[in-house]
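J.: I have a structure here, written as structure tokens, and I will follow up with some questions on it.
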Amino acid sequence: MHPRRLNASRCIWLMAAAGLGLFGGVPAALRAAETTAWKFSFGPGRVAPGCAQVLPAAVYSKETGYGFDLGSSVTGIDRGGDDALHGHFCTSDKPFFFSVSLPEGNYHVTVTLGDAAGESVTTVKAESRRLMLEQVRTAPGQFAVRTFAVNIRNGKVPPPPLNAPGGDHVELDRWEKENGPDGLVLDWDDKLTLEFSPGAAPGRSCICALEITPADDVPTVFLAGDSTVTDQPREPGASWGQMLTRFFKPVVAVANHAESGETMKSFIADLRLAKILSQMKKGDYLFIQFGHNDEKQNWPQTYVEAHTTYQAYLRVFIAEARLRGATPVLVTSMQRRQFDAEGKIRNSHGDYPAAVREVAQEENVALIDLEQMSRTFYEALGPEKAPLAFSAGGRDTTHHDNYGAYELAKCVVEGIKESHLPLASYIVDDFGSFDPAHPDPVEKFDVPASPFSTIRTPRGN
């Protein structure tokens with residue numbers, strides 16, 4: 001793994017600009033100009049007024065602006081009758097994707113799922129595998145209407161009052177995954193992509209209708225971090241940031257700007273912080289979790305020392321969020337899976353977790369101690385079962401699989417509650433509480449995998 005090459009003068013200028021608030025006053029990113037609804041009715045049959053009919057042969061293109069995507073194959077079924085909303089649908093016993101061209105922003109998405117004559121089960125993910133709805137089951141003749149909030153974005157950065165050196169676009173990671181040639185990274189484009197999955201056979205997903213409306217007024221939870229936070233686009237890797245979406249009501253949107261290999265220096269130099277600040281508004285949140293890569297002395301261009309420069313960067317992120325009326329939240333990095341002879345997790349992060357705790361106390365910022373909760377989680381599983389929470393069949397001791405990411409997301413949600421953040425009122429009703437000393441049984445974890453995978457390990461370790 002090689003450190004990201006940074007232009008040192010550019011990085012220093014951008015940090016100074018952030019500290020001085022020079023990114024302030026930038027207009028919000030483009031959103032829908034009017035309160036418009038995009039409505040779709042799936043399958044053959046009578047179409048409800050105001051809806052566009054979507055037949056199985058509808059393939060997404062920029063010209064049509066919507067359609068099934070990424071090689072999806074579905075069947076259209078018409079049960080007959082006069083019910084234009086529930087009488088017909090598209091279905092498959094394998095995952096399928098549907099995309100809609102939209103300006104960047106927050107959106108409410110409402111799906112109608114079910115079959116008048118059969119059972120259905122549907123898990124919905126958005127963009128790059130963000131978990132939105134988990135195992136929605138319907139009996140014959142039963143229909144489920146569910147709404148969730150999704151953030152979509154592109155890489156354009158509005159110019160600040162002083163022109164920042166380096167351009168007007170986030171420096172996307174072409175080597176790793178963000179702008180790859182296969183089209184599987186769906187976080188930095190001008191469309192919303194939804195994945196519908198039935199899970200294990202003999203289940204099938206049935207979608208009757210879809211409605212999308214702008215949600216500009218909802219709070220946004222921005223995530224800034226590295227590979228342990230980012231939306232991993234391919235199996236088997238996953239991060240808590242892409243599972244966090246499942247645990248919020250549709251009155252809040254999560255915008256995950258984290259990326260593999262990032263440090264706080266590179267996050268600024270690559271204009272990722274500038275992108276967040278260009279969209280941030282009063283009432284939003286900024287969750288900040290760095291450390292895995294910042295601590296690497298063999299990455300001299302991005303290394304920051306724990307109790308000096310690391311804390312200084314944390315304070316810049318905090319100040320910029322507060323300048324815009326947003327709430328900063330510090331998150332300590334989860335530990336790597338390194339057990340000692342007594343079955344306890346060794347500290348692989350040195351003084352960095354303590355440095356985060358110090359800044360949180362000094363700046364009166366909410367702290368989610370994921371470092372401590374991850375220790376408890378791994379030790380509860382023990383050395384033999386803990387690999388089941390990690391990617392690459394447990395060979396990766398840093399990055400997680402779907403189960404590990406899901407459990408760590410629950411740790412973060414519990415941390416939101418324990419910190420008494422107003423955000424806690426947006427947690428879904430079925431969450432209850434979570435104790436990492438008593439994790440969910442891995443044998444009962446049933447979030448279906450997405451259809452695309454890779455053997456490449458995310459940048460950073």
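Every number here is computed from the coordinates shown, using simple stated rules; none is lab data. Fair warning: this is a prediction, and the values are worked out from it, not measured in the lab. Neighbour counts are summed over all protein chains in view; Cβ atoms, including those assigned to glycine, are modelled from backbone coordinates with ideal geometry.
J.: Using only the alpha-carbon atoms, what does region 38-152 span along each of its principal axes? Please give whole angstrom values in decreasing order.
T.: Extents along the principal axes, in whole Å: 38, 30, 26.
J.: Divide by every residue of the chain the summed helix terms, -39500 (n - 2.57) for each DSSP H run of at least 4, and state the resulting mean residue ellipticity at 222 nm, rounded to the nearest 500 deg cm²/dmol.
T.: Computed mean residue ellipticity for the chain: -6000 deg cm²/dmol.
J.: For region 328-461, rounded, prolate or oblate, judged on the Cα gyration tensor with a ≥ b ≥ c (square roots of eigenvalues), a/c < 1.5 rounded, else prolate if a/b > b/c?
T.: Judged from the Cα gyration tensor, region 328-461 comes out oblate (a/c at least 1.5, b/c at or above a/b).
J.: Add +1 for every Lys or Arg and -1 for every Asp or Glu among the other residues with Cβ under 13 Å from the Cβ of residue 46, and state the total.
T.: Here the charged neighbours net out to -2.
J.: If you stretched the chain out fully between residue 75 and residue 435, how much longer would it get, using 0.36 nm times the residue separation minus the C-alpha to C-alpha distance?
T.: Stretched out fully, the residue 75 to residue 435 stretch lengthens by 125.3 nm.
J.: Note down the net charge around residue 69, summing +1 for each Lys or Arg and -1 for each Asp or Glu among other residues with Cβ under 10 Å from its Cβ.
T.: 0
J.: Related question: Give me the one-decimal nm value for the distance between modelled label points at residue 442 and residue 319, 7 Å along each residue's Cα-to-Cβ direction.
T.: 4.4
J.: Next up: Lysines near residue 444 by alpha-carbon distance under 18 Å, same-chain residues fewer than 8 away left out - which ones?
T.: Within the straight-line cut-off, residue 444 pairs with 385, 410.
J.: Under the Karplus relation 6.51 cos²θ - 1.76 cosθ + 1.60, θ = phi - 60°, what is the ordered set of whole-Hz ³J(HN,Hα) values for region 108-115, x standing for Gly and Pro?
T.: So the J values, rounded to whole Hz, are 8, 10, 10, 10, 10, 10, x, 8.
J.: Less than 10 Å Cβ to Cβ from residue 433, Lys/Arg counted +1 and Asp/Glu -1: what total charge do the surrounding residues give?
T.: Here the charged neighbours net out to -1.
J.: Once the Cβ-Cβ distance between residue 392 and residue 57 is put in as r, and R0 is 60 Å, what FRET efficiency do you end up with, to the nearest 0.05?
T.: Efficiency computed from Cβ-Cβ geometry: 0.95.
J.: Let me ask something additional. What does the convex hull of the Cα atoms come to per residue for the chain, in Å³?
T.: Spelled out: Cα convex hull of the chain, divided by residues, is 138 Å³.
J.: Could you work out the longest stretch of the chain that avoids the trypsin sites (Lys or Arg not before Pro) located in DSSP loops with at most 13 other Cβ atoms within 10 Å?
T.: Result for the longest clean stretch: 63-173.
J.: Note down the relative contact order for the chain as a percent, whole number, built from C-alpha pairs under 8 angstrom at least six residues apart.
T.: Normalised by residue count, the contact order of the chain is 17 percent.
J.: If you don't mind, another one. Scanning the chain for helices, which whole DSSP H stretches are 27 Å or more long along the axis (Cα) and average 0.0 or more by Kyte-Doolittle?
T.: Span-like helices in the chain: none at all.
J.: In the structure shown, do any of 249/282; 191/417; 39/282; 39/417; 39/275 have a Cα-Cα gap over 28 Å, and if so which?
T.: Result: 191/417; 39/282; 39/417; 39/275 exceed 28 Å.
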